[in-house]
1. Being outside the structural domain of residue 76 (by TED's automatic domain parsing) and buried (at least 16 other Cβ atoms within 10 Å of the Cβ) is the requirement here; does residue 244 meet it?
2. Do any helices (runs of 4 or more DSSP H) lying entirely in region 360-451 carry at least 2 residues that are modelled with pLDDT under 75 and within 27 Å of the chain's Cα centre (by Cα), and which ones are they?
3. Which numbered condition trips up residue 94, out of (1) modelled with pLDDT of 80 or more; (2) within 19 Å of the chain's Cα centre (by Cα)?
4. Looking at region 67-111, which of its residues are outside any helix (DSSP H, G or I) and out of contact with any helix residue (DSSP H, G or I) (no Cβ under 6 Å at 6 or more places or on another chain)?
5. Got at least one residue in region 265-272 being over 30 Å from residue 202 (Cβ atoms) and modelled with pLDDT of 85 or more?
6. Being modelled with pLDDT of 75 or more and more than 14 Å from the chain's Cα centre (by Cα) is the filter here; which residues of region 56-66 pass it?
7. Could you say whether any residue in region 306-313 is under 21 Å from the mean Cα position of the chain (by Cα), modelled with pLDDT under 75 and assigned to a helix (DSSP H, G or I)?
């Protein structure tokens with residue numbers, strides 16, 4: 001039985017406070033996907049765990065992805081505010097446990113718990129925007145959270161390095177506590193309240209199947225290159241992922257309150273938008289993760305300066321996120337904004353496919369800016385398109401589908417690009433001597449080569465990076481084709497007579513779902 005509650009609409013000041021709390025929470029959850037990357041060597045040294053150190057990152061990604069659909073559905077069933085506060089509390093407790101870990105197994109276990117909380121924070125934040133904000137304004141606010149994601153992907157590694165060098169790697173986790181407590185306190189006061197609207201049993205079977213699928217996907221994308229894509233372990237993981245995927249639809253059809261309602265997948269808008277989100281995030285994270293590597297290895301800059309070089313990309317991302325939301329609201333065409341973003345992002349990837357060791361810094365900044373503009377226009381417009389096409393009872397589940405697809409896309413993009421980069425560099429550097437400890441399988445050993453040989457290796461790495469982006473670009477071309485087949489969705493839907501009667505405020509329009517039968521009302525309806 002669907003949740004029939006409508007959260008009370010916060011006043012203007014309360015809405016601003018609620019948004020501030022949600023932004024802080026998303027920042028923390030997003031940072032914890034990247035902040036440990038520069039701290040991993042020190043963690044491995046302190047905790048004696050070099051062989052299993054990759055699990056510190058993979059455990060968080062795995063857990064946060066696996067629980068996303070369950071948090072979304074539970075929010076639909078029992079009210080998003082209480083679930084949001086619970087997930088934030090879990091995240092903060094786990095952050096303290098990470099900071100106090102005495103060995104690697106303790107840290108990995110705490111990271112799993114932290115991912116459980118972080119996954120809930122992210123998906124419930126996106127769904128709460130659907131509760132608080134009228135449909136016509138969702139794109140604007142969702143864009144704000146997308147900007148936070150982009151900024152977190154850049155400053156996360158920098159902060160991790162600063163904490164590790166100046167204080168301790170433990171502060172990469174402990175810093176969450178003071179910031180998170182502020183966000184938790186403000187959210188408890190400012191988020192709109194909703195009472196329980198259903199007594200339906202939780203779909204444990206569906207949640208288990210989805211968790212198994214997510215676990216397999218994350219493990220394959222995270223460790224495929226390390227274990228070997230054709231190795232028995234990876235082939236077994238792929239088979240173990242496909243098996244529960246076959247069971248998903250029958251299991252969800254039998255559930256009284258399915259975690260992933262089959263009706264959601266019957267919507268072309270939800271399916272196509274989720275695929276677009278997958279491809280867009282794959283491209284986004286291949287850019288965010290590996291451009292700093294290019295800058296540090298090829299251009300010889302420090303981790304801090306690589307962040308400075310990335311500022312044009314971040315600026316383009318932040319500005320375009322904001323403008324895309326406003327444009328979608330005023331122009332009333334989310335699909336047009338989505339297409340513009342995908343095409344611009346594709347153009348940016350093609351430009352990055354031309355970079356070399358000697359590319360002019362100013363020209364590189366222009367490429368970064370164009371890529372950032374394209375990246376910023378896509379993710380939250382995808383989410384808004386979906387939220388404006390489903391009934392209110394399925395808002396959390398639909399948001400979870402898109403968030404789930406984007407999380408898998410991020411892991412997929414990083415894994416595939418890493419394989420393309422390492423393979424491409426190894427092929428181009430095969431003729432170089434191994435004198436001085438240089439290893440073509442390890443790009444970080446380029447600096448061990450003398451003079452002209454080092455220049456040759458740097459050029460090989462730059463060309464391998466460029467080739468990787470040319471290989472990733474076609475996935476965005478697929479996204480463009482899918483966007484062409486989306487039904488035009490208005491960012492500010494027309495008001496219906498029923499909404500005119502029911503709405504308590506003149507600025508809160510309603511939207512009609514894709515079938516035309518299920519109105520989605522604003523928070524103040």
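The values are calculated or read from the model by the stated rules, or taken from the named source; none is laboratory data. Predicted model, so just to flag it, every value in this text is computed and none were measured. Note that we place each Cβ from the backbone using ideal geometry, even for glycine, and neighbour counts take in every protein chain shown.
1. Against the criterion (outside the structural domain of residue 76 (by TED's automatic domain parsing) and buried (at least 16 other Cβ atoms within 10 Å of the Cβ)), residue 244 qualifies.
2. In region 360-451, 379-387, 395-428 are the helices (runs of 4 or more DSSP H) which contain 2 or more residues that are modelled with pLDDT under 75 and within 27 Å of the chain's Cα centre (by Cα).
3. (2)
4. 79, 100, 102
5. There is no residue in region 265-272 that is over 30 Å from residue 202 (Cβ atoms) and modelled with pLDDT of 85 or more.
6. 56, 59
7. Checking region 306-313: at least one residue is under 21 Å from the mean Cα position of the chain (by Cα), modelled with pLDDT under 75 and assigned to a helix (DSSP H, G or I).
Per-residue answers, yes or no, for (1) in contact with a helix residue (DSSP H, G or I) (Cβ under 9 Å, 6 or more places away or on another chain); (2) crowded, with 23+ Cβ neighbours inside 10 Å; (3) assigned by TED's automatic domain parsing to the domain that holds residue 151; (4) within 24 Å of residue 467 (Cα to Cα):
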position: 339; (1), (2), (3), (4): yes, no, no, no
position: 355; (1), (2), (3), (4): yes, no, no, yes
position: 369; (1), (2), (3), (4): yes, no, no, yes
position: 374; (1), (2), (3), (4): yes, yes, no, yes
position: 383; (1), (2), (3), (4): yes, yes, no, no
position: 388; (1), (2), (3), (4): yes, yes, no, no
